[in-house]
Structure formats: structure tokens, C-alpha cells
Amino acid sequence: MNRFLAILFSLVCSHLFAQEPPVQMQQQLEDLALTSELEDPEDDQLLQLLEQLKKDPININTAGEEQFRQIPILTDLQIDHILRYRKILGNLLSIYELQAVPHWDLRTIRMVLPNISAGSSENLKESFLSRLKGDQYILLRMSRVLERSKGYDTANSQHYLGDRNRLMFRYRYQYKDLLYFGLVGDKDAGEQFFRGAQAKGFDFYSFHFFARRLGIFRSLALGDYTINLGQGLIHWQSMGLGKNSEVMGVKRQAPVLMPYRSSGEFNFNRGVAAGFQVGRVESTVFFSHKKISGNLETDSLERFTSMLTSGYYRNELEIAGRNRVAHTSYGANIHYTGAGLRVGMNMVVNRFSIPFQKRAEPYTRYAFSGNQGFNSSVDFSYTYNYIHVFGEAAFDGDLNPAVLAGAMMSVHPKVDISLLYRHLAKDYRVLFGSAFTEGSLPVNEKGIYTGITIRPSDSWQFSAFADQSSFPWLKYRVNAPTRSHDYLVQWSYRPNKQFDIYARYRQENKPINDDPLAVINHPVPKSRQSLRVHAHSQLNAELAFRSRVELLWYDRKGNKEEGFLAYIEGFYQGSQKWKANLRLQFFETGGYNSRVYAYESDVLYSFSIPANFDSGLRYYCNLNWKPYKKMQFWLRWSQSVYTNKKELGSGLDQISGNRRSELKCQWLYIF
Amino acid sequence: MKHLFLSCLLCSIDFLARSQVSLSPMAHPYALNAYGSIQKEPGLLWGQAAALGAIQNFSAGLYGEQRFMLRELSRYQFKLALPVTGGGFGLDALYSGNSSFHSSGLGLAYGKKMGKLDAGLQFNYHRLATTGYGSASYVSVDAGAILQVNDQFRTGLQIHYPANGSLNKSIERAAIIYTTGFGYQVSDKFFAAAEIRKTENLPVQVHAGLQYSFDQKVFALLGIESGSSSFYFGGGFLLDRFRIDVTASLHPYLGITPGMMIVFNQPQKQ
């Protein structure tokens, strides 16, 4: 018991700020920020999920496959093995028994420990009234950049109409994973509040109602929700993480139907969805109708050329495209789950009130166009001993194919291998797919990915992946069919529970157009190499430190840039009421091409991954005060100070001076 | 008790107090001392303020070198360490150049031991003087930390930040310097260390060094530095309470820099 408490204590201490994603996930988010160039994401579903798992751990003796899938770290191979283990040997007596489950190594157990419990079986048949004894909270958040940008200058014809505050409101109720409902309101800086285009208060509202195991419904969603089908070749709305050092994480896994509780303004459905189960067959149907924003053009034919996903409606130009297009989406999924086998069929239809047609460019020749899109697919997964295979074959309305297949193998207790092959036709059309691909959409790509993880001891781990891709047709800023590659090696060392360190080298080569002013603008190789060393040390129950150094080399046809970033961050928890952390960071890069991303701690349910480029210092401080059990306050101050710069940013976001400061505060009340 | 020696590259930022104009093109042979065990290496000059947290003996040392065999480029550094309860104070004085052109500096440091973490602060005053052109000065702060991961491995962090960084009122500005380092005690006799230094507006430099001791009485050291492609070697010995070292650094174009160090170490009273 004492040993258990000691382990639990050390793990809790190592997750003092456990609303943060694990280090591996932070890496994945940094890589995602690099490809999407999204520094301040509004989608906080992942953080909400992690916080929920911390407060309401999954009972490993009663959880099913869908519940285990909520833990982002677990692979399907590990989920399958614990379910089989439980079926053969019965409930686990304690968390210690996890070490006996095949392919549950010590590192995985340490990572998931805060999110699981090993309790006795519960009565799962809970009436609806008993579900009204859950937790609910109200959260208010406000942030503001202190320096005034050009957009707020009223002399500017396209100036922002609102104030500089960014506001978010959330009410949420939750009873275990059986009942959720809530309301979210979000206003971005520059948007009006209770006037003008935002006469109803916040610019964005989201409502969700979600229940599991409710009468005949396995799941029921009203309001806003997300749908995830197969491996993402036809429709995927949860956060899709790409290549990273967790080389076994090649498979998309998330429940088909999930409530949408984020303040992100684009990637979700709005309507109704329901899931059913008869024996081993589960099915989900969904219908969605909402307005989306787009860039409209009217010449011979009214159409919209792009979807506006930022959610910014700050000036007349942005407001003009707001909610101009009605988007209707419906579809279904049916799958059979047997002994280690899962086979499913999926379909989705998307309709627009105004035709969608991208601007006529060579690279958009095969892009989706029209009022309606149809996609269907078949997906499967199968586990045999230590091998898990999966795949999806998809078709669009014109029967253009997209195929993805992969495998995860534990070839040795200390060695795991992953493989993934994708063949996505250049003319395959999809709107809201998100698969394990190099591109943002699963189109126009062929590739093979291989990954390996070796654990020579409990302290050491070596991971590596190699990905080779080819693109049969043109892409944005790539005027010819090209090939790319991406390699990564990482050594991780954890000699004890208080210290861990990893060193990572990554090399990517992705061709890009050379010179936009040239008569013939052809792609040239673009190489990006990075070397990172990152360490975390838990000194005692109150203090922890984190540190990183990263070097980066960028080369595009002789145009070279180098980047450097280093930071040290301290975490302090003086008592149950007070927490604080402080980071001091230095960066120096040759320009935007050699920018370095670094995940930053933030207030609860928020994170940021700014791009650090040019030269300067950045620091931030987070304070968390919990005066009593039902109430918490957060305060965050961050500032970037650039050397040798007199202006920051561009366009309407341009700021005079060399500093950019942000203040953020948040209040949470649980009742 | 047998010690297990593990090498661990730790990213910690070690900031050395240097101004841009007096930045040495050569690796300092004892810059890696910060990551060593002062207990295992009596007579070792403390490398950064945080190292003062671990000192138990009074020590004073003088290091001198004549860069590229040019008297005009002589450099002298005096360091003193005074242990107190829970840490130590230090004095760091530097003089480089000659009467026509010289830079000097004075630093006061304090290091504190907090379990496995030693942290330190050093306040420095720098002055640069050139005959006929006057002088310029500035104040800087070094903040550092050294973490003992286990008996074999240490990692250090130091930041050198010029508080009012202008060397004159027009152009030059003292640079922020960051250094990342680790020390690995392979055995009681063999020590390896490396650091990465990033000086503002200059490329990253890597410095690696080895030290071998023969019966804790005689020492040999060897190192290399990437920025200037220079390497150094040297040897020393313990004579009662003194340690005497002789070193030589070799720059591929500028030649040899001989150096000598004398350290007095007052053993701890039992």
C-alpha cells in the first residue's frame, strides 16, 4: 500500500500541472502547429478530455473499447489485449496487474495511471434521473493584447469594429461519460459585443446535449457534436495528430459520435445524431444543418471559393462572408465487432446552398466543386496475437478511390513496429476528411510510413520513423508532381520517476515553388532539420523544472536560415490553493522559415503554441489560485520582446514597437 | 559504494558572462568545470555561480594565459570561493589586454544548494577601455542552475544577461549568452562534459572536454570547441593544498595559447 501510494504520489507530482497533455502529445501538437500554422487554437476538446479523465478515471474493469479509446495514449493493440486479458482472467485486482497485460509496458502504465482506476464492476444501468447528480461548472475567460494594433485605428477603412478583449463563456454539466450538456459563447478580439453584427452577445454560440446508454440509444447527440468515421478518409472531426515520436500512433482512433464542447467555430456538426446497438452490430446515423462562412464570388455564377475557418468577424469585409452558405450533412456508420475483428461501412453526404468552387488554378483542377459531395468507405481492423492490422477503402461520388492500410506489431516485448501505406488518388474528392497523411486532406498522395520503437530497458527508449510520400498532382505552392520524405529519431531516457529527458532529430524535405516572380516557377527541394533536447525534472512535491534547447536548419535552394530556441520553466505548487509556473525563453532565427514552435502552459482548458522567429526573449507566468474547493482563478501574463525590430506583425495586426504583451484571466465556479 | 556513471545530455542553459567585444575565440579549458563534482575534484575552480552551492572548502585560484603567444593579449582571471551554510559566495575578477586596450570585469556570486538542485546568481561589472577612445562599461547578471540527476550525471543552466547592455551609446550592445551543458562522471578517474553555447547573433558553438586523473594527484585534460575549430590539452598535479595546471590551446590559424592555473584549496575541517 505504501509503495502504491509512493508511486501514485510521484506520478501525481510528475503531473502537477496535469491539465497539460503528456510530453508526447505536446510534441504532436507542436508538429500540428507547424503544418497548420495555427498558434492559438480554440479547439480545446483534447484538454477537456484529459481533465475529465483525471477527475473521472476510467475503470479498467468495466470499460469497453470505446471508453478505452478516450485515452489518447493507448493504441488499439493495447486496448485489445487488456480486453482479452480481462475476458480470460477476470477483473484486475489492482493497477499493478497491468504489468502482466501483454504490451502494456511500464512507460505506458505510468502515462495512463492518472486516467484509470481498478475498481469493482458497477451497475451500468443508470436511470436518467440518477444522471442528474453530476458535476457542473461555469467558466469565464478574458484575454487582451495590450499593444494596440493597426486594426483598431478608426482612420483605417477596414478597422475592427469591436474592442480588444477576447471573451469566452462556458457552462458544462457532466455525469461520468453518460450525460453531458452545456453552452459555450465565444468572442474574438475585434468583434463587437451585444451590438452590430454580434447583437446577440457573443459572436459564436455552441450548445450540446449528449447521452450514452439511454434507452434504445447507445448514444444520442443533440446540438453540436462531432463524427469520426473509419480512418478519416471520408469524415473526421476530432483532432487528428500526425507523425511524431509515438511511432505506434499511426491509427486514427476516437468514438464515432462525440459531443462538441469547444469554442472552435468550424469543425463540428450541428443537428442530431444517434447510435444504436443490436448484439455485436453498432450503427450511428447523423444529420447536420448549419451556416458556414465563405468567400463569395458572383460573376457568371454565384459560388464560394473557400471556407472561412478562422471565426473572425471583426470588420466589414469579414462580416460580409459570415454565415452565407447553408451546409447540410448527413450520413451513417454501421460496424460489426467480433473477436478481435471490427468491420464497418460508412457514408456521408455534404450539400451546400451555394456551389463550392475553388479559384481556377492548376493545382485545384481535381478539387471538390459543386453543390453536393458523397463519400463512402469500408474500414476494418483485426488483432491476431501481437499484430493489429487496420485499413479503410473509400470512394467519392465519381468512384475515385482512396485506400489506407496499416499494421502495428509487437515483434518482441521490447520492440514495436508500425507500418502504414496510403494510396489516395489525385482526383479523390473529400471535404472533411483527416487521415494520417502528409497533406491536410487525404487526397493526391501516395506514401509509406514505417516506425520502430525499441525499449532496451525500463529507462531507455529509442523511436524512429521514416516516411516517403509522392504527390501525383500539383499542390498549393507546388507546381509539379513531387516527392517528399520525413525522418525522425528520438532517444528518451528516464532513470527515475523524477527525471526524464529526450533528444530528437528530425529531417524533412518537402519541395516548394522557388520564386513566385519567375516566369517558370518550379518546385525546388526545401529541407528542414531540427535537433531538440528536452528535459523535465521533478525536484520535490512542490517544485519541477523543464528545459529545452532546439536547433533548426532550413535550406531552400541555397537560401539558408538557422534557428535556435532555449527555455527554462519552473513549476511551483506551494499548497492545494496556489500554483504557479514561469518560463523564460530565448529565440533567434534567420526568419520565418526557420521558426521554432514550443508548446506553452496556459490557463485551464487552453494552450498556445506560438511560432518563434526573428530574435528576442519571451517569458510568461501563470498563477492559479483556488480559494476553496468550488472556485478557481487563473492569471497569465506573457510578453515577447524582439531585438532590432520596430514593428511586429503585418496588415491590420501590425503593432508598433518591439513588444507584444498579453494578459489573460479566467474564473471557474463548480456547483 | 559503487557509483554508476551514466552520461546524460541535459538541456540546461548555461550563460557565461562575456561581452561581445571580448568574446574569446578559444574554448576556455575550465569552462566545463560547472558540471563536475567539486568533491571529486579538489582544487577545481568553480565554473558558474550555481556550483558555489556545492562547495565545502575555501578555495582561491588564479588562471593566466597569453593568447597566441602575444603579450598584448594576456588574460588573467582570479576566482575565490567561500563556503557558508547551505551554499557559498564567490568572487570573480578578470583582466584581459594591455595598457592600450583592455577589458576587465568583477563579479560577485552566490550559490545555494536546494537538495539536488544548486542555483546561483552572479552580478558582474564589465569595463572596456581603449587609449584615445575612452571607456565603456555595463552591468550584467548571470543566473544559473545545476541539477544532479544521479551520482554520475549533472546538468547545468546559466544565462548571461546584460542589464544595461550598451557598450556605447550608439551601436554596440553586449550580447546575451546561453550555454547548455552536462557532465558525466564515467568513473572516479574519468570525467566527460559538453556544452552548447549560443551567443546572440553568432552561430551555436559546441564545446566538449575530457579529464582523466591518476590517483587523484595528477590530471590530464583534453577538449575541443566547434566555433573556432580549436582544441586544447593540458595537465596538472596536486601539491599539498595547491593544484597547478598547465594548458595549451591551439587555434588553426592564430596559433598556440599557453595557460597556467594555480588553485589553493583549504580542506574542510573534520
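Please go through segment A:655-671 and pick out each residue that is closer than 25 Å to residue A:168 by Cβ and either without any contact (Cβ under 8 Å) to a residue 40 or more places away in the chain or part of a loop (DSSP other than H, G, I, E, B) (or both).
Of everything in segment A:655-671, just one residue is closer than 25 Å to residue A:168 by Cβ and either without any contact (Cβ under 8 Å) to a residue 40 or more places away in the chain or part of a loop (DSSP other than H, G, I, E, B) (or both), namely A:671.
Based on what the data block shows, is residue A:342 surrounded by fewer than 21 Cβ atoms within 10 Å (Cβ to Cβ) and either touching a Pro at 6+ places or on another chain (Cβ under 7 Å) or not in a loop (DSSP other than H, G, I, E, B) (or both)?
yes
Identify the residue in segment A:564-592 that is of a type in the set (Ser, Thr, Tyr) and surrounded by fewer than 21 Cβ atoms within 10 Å (Cβ to Cβ) and, among all such residues, is farthest from the chain's Cα centre (by Cα). Step through it out loud before you land on a result.
So the first thing to find is which residues in segment A:564-592 are of a type in the set (Ser, Thr, Tyr), and the list is A:567, A:572, A:575, A:589, A:592.
Right, trim to surrounded by fewer than 21 Cβ atoms within 10 Å (Cβ to Cβ) and you get A:572, A:575, A:592.
Details: A:572: 27, A:575: 31, A:592: 23 Å.
Result: A:575.
Under the condition of being more than 18 Å from residue B:180 (Cα to Cα) and of a type in the set (Asp, Glu), which residue from segment A:541-559 is nearest to the other protein chains (Cβ to nearest Cβ)?
It comes out as A:542.
What number of residues within segment B:191-207 satisfy the criterion of being free of Cβ contacts under 8 Å to residues at least 60 places away in the same chain and more than 14 Å from chain A (Cβ to nearest Cβ)?
Looking only at that region, the number is 0.
Among the residues of segment B:237-256 satisfying the criterion of being more than 17 Å from the chain's Cα centre (by Cα) and part of a strand (DSSP E or B), which is farthest from residue B:185 (Cα to Cα)? Talk me through it step by step, then tell me what you get.
If we filter segment B:237-256 for residues that are more than 17 Å from the chain's Cα centre (by Cα), which is where we start, we get B:237-242, B:250-256.
The next check asks that each one be part of a strand (DSSP E or B); those that pass are B:237-239, B:242, B:250-251, B:255-256.
Working: B:237: 19, B:238: 20, B:239: 23, B:242: 23, B:250: 26, B:251: 28, B:255: 31, B:256: 29 Å.
The extreme case among them is B:255.
Report, by residue number, each residue of segment A:330-388 that is closer than 30 Å to residue A:219 by Cα and among the basic types (Lys, Arg).
Passing the criteria: A:342, A:351.
Tell me which of these residue B:80 doesn't satisfy, since it passes every other one: (1) touching a Ser or Thr at 6+ places or on another chain (Cβ under 8 Å); (2) within 14 Å of chain A (Cβ to nearest Cβ).
(2)
Every residue in segment B:229-242 that is buried (at least 18 other Cβ atoms within 10 Å of the Cβ) and of a type outside the set (Phe, Trp, Tyr), please.
B:230, B:234, B:236, B:238
Out of A:82, A:88, which single residue is surrounded by 18 or more Cβ atoms within 10 Å (Cβ to Cβ), within 22 Å of residue A:382 (Cβ to Cβ) and more than 24 Å from the chain's Cα centre (by Cα)?
Details: A:88 fails: surrounded by 18 or more Cβ atoms within 10 Å (Cβ to Cβ).
Exactly one of A:82, A:88 is surrounded by 18 or more Cβ atoms within 10 Å (Cβ to Cβ), within 22 Å of residue A:382 (Cβ to Cβ) and more than 24 Å from the chain's Cα centre (by Cα), namely A:82.
Out of all the residues in segment B:50-96, which are within 30 Å of residue B:113 (Cα to Cα), touching a helix residue (DSSP H, G or I) at 6+ places or on another chain (Cβ under 9 Å) and part of a helix (DSSP H, G or I)?
Within segment B:50-96, B:50, B:51 meet the criteria.
Of these, A:366, A:386, which one is farther than 15 Å from residue A:252 by Cβ, out of contact with any strand residue (DSSP E or B) (no Cβ under 7 Å at 6 or more places or on another chain) and not aliphatic (A, V, I, L, M)?
Working: A:386 fails: out of contact with any strand residue (DSSP E or B) (no Cβ under 7 Å at 6 or more places or on another chain).
Just a single option satisfies the conditions, and that option is A:366.
Any residue at all in segment A:573-586 that's assigned to a strand (DSSP E or B), at the interface with chain B (Cβ under 9 Å from one of its Cβ atoms) and under 27 Å from residue A:604 (Cβ atoms)?
Step one: list which residues in segment A:573-586 are assigned to a strand (DSSP E or B), which gives A:578-586.
Now restrict to residues that are at the interface with chain B (Cβ under 9 Å from one of its Cβ atoms): A:584, A:586.
With under 27 Å from residue A:604 (Cβ atoms) added as a condition, the list becomes A:584.
The answer is yes; a qualifying residue exists.
Can you confirm whether segment A:285-308 contains a residue that is within 30 Å of residue A:343 (Cα to Cα), touching a residue at least 12 places away in the same chain (Cβ under 8 Å), charged (D, E, K, R) and touching a strand residue (DSSP E or B) at 6+ places or on another chain (Cβ under 7 Å)?
First pass over segment A:285-308, keeping only residues within 30 Å of residue A:343 (Cα to Cα): A:285-289.
The next check asks that each one be touching a residue at least 12 places away in the same chain (Cβ under 8 Å); those that pass are A:285-289.
From the residues that got through so far, the ones that are charged (D, E, K, R) too are none.
Among the residues of segment A:285-308, not one is within 30 Å of residue A:343 (Cα to Cα), touching a residue at least 12 places away in the same chain (Cβ under 8 Å), charged (D, E, K, R) and touching a strand residue (DSSP E or B) at 6+ places or on another chain (Cβ under 7 Å), which makes the answer no.
Could you list, in sequence order, the residues of segment B:128-144 that are farther than 30 Å from residue A:586 by Cα and among the aromatic types (Phe, Trp, Tyr)?
Across segment B:128-144, the qualifying residue is only B:133.
Out of B:181, B:227, B:156, which single residue is touching a residue at least 60 places away in the same chain (Cβ under 8 Å), closer than 30 Å to residue A:561 by Cβ, within 14 Å of chain A (Cβ to nearest Cβ) and not in a strand (DSSP E or B)? Give the steps one after another, and end with the answer.
Working: B:181 fails: not in a strand (DSSP E or B); B:156 fails: not in a strand (DSSP E or B).
Sole residue among the options that is touching a residue at least 60 places away in the same chain (Cβ under 8 Å), closer than 30 Å to residue A:561 by Cβ, within 14 Å of chain A (Cβ to nearest Cβ) and not in a strand (DSSP E or B): B:227.
Of these, A:463, A:492, which one is away from chain B (no Cβ under 14 Å) and either under 17 Å from residue A:534 (Cβ atoms) or in contact with a Leu (Cβ under 8 Å, 6 or more places away or on another chain) (or both)?
On the way: A:492 fails: away from chain B (no Cβ under 14 Å).
The unique qualifying residue is A:463.
Take segment A:522-540 and flag every residue that is surrounded by fewer than 16 Cβ atoms within 10 Å (Cβ to Cβ), over 16 Å from residue A:560 (Cα atoms) and away from every other protein chain (no Cβ under 14 Å).
Once the filter is applied, which keeps residues that are surrounded by fewer than 16 Cβ atoms within 10 Å (Cβ to Cβ), over 16 Å from residue A:560 (Cα atoms) and away from every other protein chain (no Cβ under 14 Å), segment A:522-540 yields only A:522.
Restricting attention to segment B:102-121, report how many residues are surrounded by fewer than 16 Cβ atoms within 10 Å (Cβ to Cβ) and among the aromatic types (Phe, Trp, Tyr).
So the count comes out to 0.
Select from segment A:442-476 the residues that are without any contact (Cβ under 8 Å) to a residue 40 or more places away in the chain and either of a type in the set (Val, Ile, Thr) or surrounded by fewer than 20 Cβ atoms within 10 Å (Cβ to Cβ) (or both) and list them in ascending order.
Answer for segment A:442-476, where residues must be without any contact (Cβ under 8 Å) to a residue 40 or more places away in the chain and either of a type in the set (Val, Ile, Thr) or surrounded by fewer than 20 Cβ atoms within 10 Å (Cβ to Cβ) (or both): A:446, A:448, A:450, A:457, A:459, A:460, A:462, A:466, A:468, A:469, A:470.
Can you tell me which residue is farthest from residue A:338 (Cα to Cα) among those in segment A:369-381 that are of a type outside the set (A, V, I, L, M, F, W, C) and crowded, with 18+ Cβ neighbours inside 10 Å?
If we filter segment A:369-381 for residues that are of a type outside the set (A, V, I, L, M, F, W, C), which is where we start, we get A:369-373, A:375-377, A:379, A:381.
Those still in the list that are crowded, with 18+ Cβ neighbours inside 10 Å too: A:373, A:375-377, A:379, A:381.
Values: A:373: 32, A:375: 26, A:376: 22, A:377: 19, A:379: 14, A:381: 10 Å.
Per the stated criteria, the residue is A:373.
Give all pairs with beta carbons closer than 9 Å in which a residue from segment B:103-132 that is within 29 Å of residue B:149 (Cα to Cα) meets a residue that is in a loop (DSSP other than H, G, I, E, B) and among the β-branched types (Val, Ile, Thr); count only pairs at least 6 apart in sequence or on separate chains.
Sorted first by the residue in segment B:103-132, then by its partner, the pairs are B:111/B:55; B:116/B:149.
What are the residues in segment A:305-329 that are in a strand (DSSP E or B) and within 26 Å of residue A:223 (Cα to Cα), if any? Can you show your working first?
Our first condition is that a residue be in a strand (DSSP E or B); within segment A:305-329, this holds for A:305-307, A:325-329.
Those that are in a strand (DSSP E or B) and within 26 Å of residue A:223 (Cα to Cα): A:306, A:307, A:325, A:326, A:327, A:328, A:329.
Where a number appears in this text, it was derived from the coordinates with a stated rule and is not lab data. The structure presented is a predicted model; accordingly, all values stated were derived computationally and were not measured. Cβ: placed from backbone, ideal geometry, glycine included. Neighbour counts: every protein chain shown.
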